[in-house]
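A.B. asks: Before anything else, here's the structure in question.
The values are calculated or read from the model by the stated rules, or taken from the named source; none is laboratory data. From a predicted model like this one, the values you see are computed outputs, not experimental measurements. Don't worry about glycine lacking a Cβ; one is built from the backbone with ideal geometry, like all the others, and counts go over all protein chains shown.
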């Protein structure tokens, strides 16, 4: 098992670990604002995860800050089941994230809901199988 330095929350750390392991991305250090990983091709990824429970079925990912700046190329999002198994995952082009996110003045950030219709958007890649296939 690979141990990583805790960066955010268990859900966020697990999301970053799974995407980086599945696709060979390099996890950035904490000083890279808005970018969690970089692909071998130089593409930049912001990675978000959400655990869905019977008490909280929300699909809202963590806050996206300075979204209009397009600091990343893709938003990588994963929904976890209550037991932290991968329920569903996608890699979403930045322009789709910008189109679908809503600004929240109170937090000065954008919220993005990883609803089922996101997978139907042009350019979105369903990567559920890849994340489920990650071994420790």
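A.B. asks: Take region 12-26 and flag every residue that is modelled with pLDDT of 95 or more and either in contact with a strand residue (DSSP E or B) (Cβ under 7 Å, 6 or more places away or on another chain) or under 17 Å from residue 64 (Cβ atoms) (or both).
C.D. replies: Within region 12-26, 14, 15, 16, 18, 19, 20, 25, 26 meet the criteria.
A.B. asks: Here is a follow-up. Does residue 22 count as touching a helix residue (DSSP H, G or I) at 6+ places or on another chain (Cβ under 7 Å), under 22 Å from residue 134 (Cβ atoms) and part of a helix (DSSP H, G or I)? Explain how you work it out, then say what you get.
C.D. replies: Values: touching a helix residue (DSSP H, G or I) at 6+ places or on another chain (Cβ under 7 Å): yes; under 22 Å from residue 134 (Cβ atoms): yes; part of a helix (DSSP H, G or I): yes.
Yes.
A.B. asks: For region 40-66, which residues satisfy the criterion of being more than 22 Å from residue 99 (Cβ to Cβ) and surrounded by 18 or more Cβ atoms within 10 Å (Cβ to Cβ)? Spell out how you get there, then give the answer.
C.D. replies: Step one: filter region 40-66 for residues more than 22 Å from residue 99 (Cβ to Cβ), giving 40-42, 51-57.
Within region 40-66, just 51 meets the criteria.
A.B. asks: Output yes when any residue across region 88-110 is surrounded by 15 or more Cβ atoms within 10 Å (Cβ to Cβ), more than 24 Å from residue 39 (Cβ to Cβ) and either in contact (Cβ under 8 Å) with a residue 40 or more places away in the chain or out of contact with any helix residue (DSSP H, G or I) (no Cβ under 8 Å at 6 or more places or on another chain) (or both), and no when none is.
C.D. replies: Looking only at region 88-110, we keep the residues that are surrounded by 15 or more Cβ atoms within 10 Å (Cβ to Cβ), and these are 88-94, 96-98, 100-101, 109-110.
Remaining after also requiring more than 24 Å from residue 39 (Cβ to Cβ): 109.
Adding the requirement that they be either in contact (Cβ under 8 Å) with a residue 40 or more places away in the chain or out of contact with any helix residue (DSSP H, G or I) (no Cβ under 8 Å at 6 or more places or on another chain) (or both) leaves 109.
Yes, some residue in region 88-110 is surrounded by 15 or more Cβ atoms within 10 Å (Cβ to Cβ), more than 24 Å from residue 39 (Cβ to Cβ) and either in contact (Cβ under 8 Å) with a residue 40 or more places away in the chain or out of contact with any helix residue (DSSP H, G or I) (no Cβ under 8 Å at 6 or more places or on another chain) (or both).
A.B. asks: A further question follows. List the strands (runs of 3 or more DSSP E) that sit entirely inside region 27-117 and contain at least 2 residues that are under 15 Å from the mean Cα position of the chain (by Cα) and either at pLDDT 95 or above or under 27 Å from residue 132 (Cβ atoms) (or both). First the steps, then the outcome.
C.D. replies: Values: elements: 44-51, 74-80, 86-93, 102-104, 109-111.
Once the strands (runs of 3 or more DSSP E) in region 27-117 are filtered for at least 2 residues that are under 15 Å from the mean Cα position of the chain (by Cα) and either at pLDDT 95 or above or under 27 Å from residue 132 (Cβ atoms) (or both), what remains is 44-51, 74-80, 86-93.
A.B. asks: Among the residues of region 98-117, count how many are touching a strand residue (DSSP E or B) at 6+ places or on another chain (Cβ under 9 Å) and over 17 Å from residue 16 (Cβ atoms).
C.D. replies: 11
A.B. asks: Go through region 118-136 and count every residue that is in contact with a strand residue (DSSP E or B) (Cβ under 9 Å, 6 or more places away or on another chain) and modelled with pLDDT under 95.
C.D. replies: Summing the residues that are in contact with a strand residue (DSSP E or B) (Cβ under 9 Å, 6 or more places away or on another chain) and modelled with pLDDT under 95 in region 118-136 gives 0.
A.B. asks: Against the definition (over 20 Å from residue 18 (Cα atoms) and in contact with a strand residue (DSSP E or B) (Cβ under 9 Å, 6 or more places away or on another chain)), how does residue 59 come out, yes or no? If you could, list the steps in order and put the result at the bottom.
C.D. replies: Numbers: over 20 Å from residue 18 (Cα atoms): no; in contact with a strand residue (DSSP E or B) (Cβ under 9 Å, 6 or more places away or on another chain): yes.
No: the conditions fail for residue 59.
A.B. asks: Of 70, 37, which residue is touching a helix residue (DSSP H, G or I) at 6+ places or on another chain (Cβ under 6 Å) and on the phi > 0 side of the Ramachandran plot?
C.D. replies: Sole residue among the options that is touching a helix residue (DSSP H, G or I) at 6+ places or on another chain (Cβ under 6 Å) and on the phi > 0 side of the Ramachandran plot: 70.
A.B. asks: Scanning region 113-136 for residues that are touching a residue at least 60 places away in the same chain (Cβ under 8 Å) and within 16 Å of residue 50 (Cβ to Cβ), which turns out surrounded by the fewest Cβ atoms within 10 Å (Cβ to Cβ)?
C.D. replies: 127
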